[in-house]
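These notes are about the structure you will find just below.
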Amino acid sequence: SEQAMLLKAFELKGDLRYKDVDVAIQSPPDADTEAAEFKDVVCPPGVRVCAVRVIARRNWGVLGVGTELEGDGDKIDRPFRGGSNGGKFVKETFALGEFEHLTGIEIHCSQSVVEAIRFEASTLGNVRKDRKDGMAGAEMFERKRWCGVSKTKTRWSKLYGEVSSLAPRIYTIRGPDEAAIVGLRGLATSSRIIGLGAVCRVVAEEGVFSTAWTRPLRAPTEKLPAIHSATANKESTKKRWQKMRSTKRLIGGGLVAKGSRDQVDVFAAIIKMRKTDATEGIKRCEAFARRVWTSNIFRADPNLRPLLNINIMMQMARWLFNAIA
């Protein structure tokens, strides 16, 4: 049933099958050799880059860059790499939309300095590659409408900084297809960015609630007992509710909580509202079918009389239910 499917999806909330890939650092040929290498910490499951902050000025180049992470109801700034000329320059922000991911970075370099930078934001899908390969054309079209397979929308930010070189070198930092950038890596001194790369996440499979009910990003990491999904499938729905109310599961280094009581209460409210919607929808469809079936207008009109067939009425009632529920 629908309720059982939602319950299973809730038990797996925050789960994400993925692989993080390091993208090579790109830098000017004659860049400062004294720069130190940096790399952001691993981004937990269900969290994305929601904004990029950058300091870039004419005749100065790109001085610093940093990202902001967003989880379910929480945001946190990552360390700002490079410098700001003693605080004299203000950071500019490229904000991503609610459903966008950072998918590319383009840097424009002279022989020794990163002069300008811009960012690519894309709307990504959530269908496994092996699943897509076996899809028929009609099914793929439906998945694109509802899930957004591949990059359905792409946009670029403005160019931060100014290119003054006559023959600039342009490097594009991007991971595999349908991969999102979840962290930065590169080379920097205390005053500027020397080179830039990225850490990209390739999602193999995600659930309906992979990005929902996530723990605040500043939460302490702790280890708590887990519920084994193999035994959960054999338990009754009532026992599974009880176990979820009394047990917490943490994944992703303790940054995503699973099964705390307040989360279960919120989900229970959603289930109740959904059940009410479905019940009311069934009542409306039944009333509609009965009105049509007993209508004298339909029986008197030779053009409408063929509709008074039990199979046709069932399909019409089903269509109405799908439309309103």
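The values are calculated or read from the model by the stated rules, or taken from the named source; none is laboratory data. Bear in mind the structure is a predicted one, so any value in this text is a computation, not a measurement. Backbone-built Cβ (ideal geometry, glycine too); neighbour counts: all protein chains shown. When the accessible area is computed, the model is the full protein with side chains, heavy atoms only, and any ligands, DNA or RNA have been set aside. Shrake-Rupley method; radii C 1.70, N 1.55, O 1.52, S 1.80 Å.
Determine if segment 64-85 includes at least one residue that is out of contact with any helix residue (DSSP H, G or I) (no Cβ under 7 Å at 6 or more places or on another chain), under 14 Å from L196 (Cβ atoms), open to solvent by 20 Å² or more (accessible area, probe 1.4 Å) and among the hydroxyl-bearing types (S, T, Y). Within segment 64-85, none of the residues are out of contact with any helix residue (DSSP H, G or I) (no Cβ under 7 Å at 6 or more places or on another chain), under 14 Å from L196 (Cβ atoms), open to solvent by 20 Å² or more (accessible area, probe 1.4 Å) and among the hydroxyl-bearing types (S, T, Y). Answer yes or no as to whether S84 is of a type in the set (G, A, S), modelled with pLDDT under 90 and over 29 Å from T123 (Cβ atoms). The answer is yes for S84. Residues in segment 35-49 that are open to solvent by less than 10 Å² (accessible area, probe 1.4 Å) and assigned to a strand (DSSP E or B): V49 alone.
Put simply, of E235, E286, E222 the only residue that is in a loop (DSSP other than H, G, I, E, B), at pLDDT 55 or above and either surrounded by 12 or more Cβ atoms within 10 Å (Cβ to Cβ) or touching a Leu at 6+ places or on another chain (Cβ under 7 Å) (or both) is E235. Within segment 40-75, being more than 13 Å from G183 (Cα to Cα), at pLDDT 80 or above and of a type outside the set (D, E, K, R) holds for V54, I55, A56, N59, W60, G61, V62, L63, G64. Being part of a strand (DSSP E or B), in contact with a Pro (Cβ under 7 Å, 6 or more places away or on another chain) and open to solvent by less than 60 Å² (accessible area, probe 1.4 Å): is that true of V182 here? So V182 does not fit the description; no.
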